Amino acid sequence: MNWRLIFLTLILGTAVFGGINAQTPSNQSSQTAITTPNRLKINLSLNDPSELKVREGDPVTRGQVLSDKEAERNRLNRDKRERLLAIANVEGQLVPALQPAPALRELPPISYTVEETAIQLAEIKLSQAQRNLATAIEADPFISAKAKVERSLADVEAAHRAFELQQRKLDAVNGLKGLPPEMLTHETEKLRQVRTVLEGKEAEYKFFSAEYNQVEGDRRKELTDLQSKVSIARGELEQAQSRLRAAKEQRELMEYNHRITISRRAEEENQVAINVANQKLDREFKLAQLREQLSAVEEKLNGIVQVKSPYSGTIRRIKFDRQTDGKLAVTLYLDTASPNP
């Protein structure tokens, strides 16, 4: 509130009525109405000489404006209009309403039935391949073939010893003189027979050896195939287990990303709510500030008063007394005895 204006108004009122009382004739009766004083001194406080609306010698009538802070009033009216316009603009600015974000869908339930079934089938296949290999190893087909080879080899060795023995016997017979020729022929024929037996045993040994080699090759191929099937089944089992681990890891990643999305959504919603609240607070703060400024301007406007002449008369003298703090003290001398100059 402009305390200077209030103080000025009090001074003016005191000066006016004090001047009136000072100039009232002493012989006036208390039972009659107050008569008009002949001379009246009016004290004014001006911001600018242009606020003075009369000059020396001007006739004035009762209620005529003597001083008016018109420039300040116009300026304050402009300020008031500006504040009202600013308030209207701020009130016209709509604060966006807080819109709830659509709810996030939960992750669908997870099932590892396919992967677990594949693992079970791979385990069954591996177990079957391992049993087949174990059975093949236990059922050794080499026993009979190897026995035949060993027996045939023994026969060959025996036939070879018989042949060597008969050969030595024939050599001994050839070294003896005087033996009948029939004995030499007999021993030679016997050596031929022993050689025939040896050759037969050797042929039989070769046959059994070839048969053994054939059985051994087939056996080796069979075991290799069975071992390969075991390795393939084991690899399929490892792949099935790997797919199950990958599915679980993928699910964990999806759940982690889902939690991250929920956290970010909550953070974004919180930030949006903070922004909307800040906009509302800023709007209310601006409105409160503008309304406070408007109230101050209106208070100043209400504090601006026009100083009017209490009587009709003539301005005999205008005295500029002093200037303090930008205020100009002026004294008007009003002559009410002769209204005309």
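Hey, how many Å between the Cα centroid of segment 315-335 and the Cα centroid of segment 268-305?
42
Is the C-alpha gyration tensor of segment 132-289 telling us rounded, prolate or oblate? Criteria: a/c under 1.5 is rounded; beyond that, a/b larger than b/c is prolate, otherwise oblate.
It is prolate, given that a/c is not under 1.5 and a/b is the larger ratio.
Measure out, as a whole number of angstrom, how far apart the alpha-carbon centroids of segment 218-244 and segment 151-189 sit.
Cα centroid to Cα centroid, the span is 60 Å.
Run the reach check for LYS286 against lysines, Cα to Cα strictly under 28 Å, same-chain hits fewer than 8 apart removed. What comes back?
LYS80, LYS300
Report the label-to-label distance for ARG220 and ASN77 in nanometres (one decimal), using points 7 Å from each Cα along the Cα→Cβ vector.
A separation of 12.3 nm, rounded to one decimal place.
Taking R0 as 22 Å, what FRET efficiency do you get between GLN250 and THR113 from their Cβ-Cβ distance, rounded to the nearest 0.05?
Efficiency for this residue pair is about 0.90.
If r is the Cβ-Cβ distance from MET183 to GLU211 and R0 is 41 Å, what FRET efficiency results, to the nearest 0.05?
0.45
Using a 7 Å offset from the Cα along the Cα-to-Cβ direction at both SER263 and SER228, what is the distance between the two label points in nm, to one decimal?
Roughly 5.3 nm, to one decimal.
So which lysines can LYS148 reach, going by Cα to Cα under 17 Å and dropping same-chain residues fewer than 8 places off?
LYS201, LYS206
Students often forget the sequence filter, so: which aspartates and glutamates lie under 18 Å Cα-Cα from LYS327 once same-chain residues fewer than 8 apart are removed?
By straight Cα distance, LYS327 reaches ASP48, GLU51, ASP68, GLU70, GLU72.
Contour minus end-to-end for ALA158 and ASN270, with contour as 0.36 nm per residue of separation and end-to-end as the Cα-Cα distance?
29.9 nm
Values in this text are rule-based calculations from the coordinates and carry no lab data. Remember, it's a predicted structure, so these values are computed and weren't measured experimentally. Note that we place each Cβ from the backbone using ideal geometry, even for glycine, and neighbour counts take in every protein chain shown.
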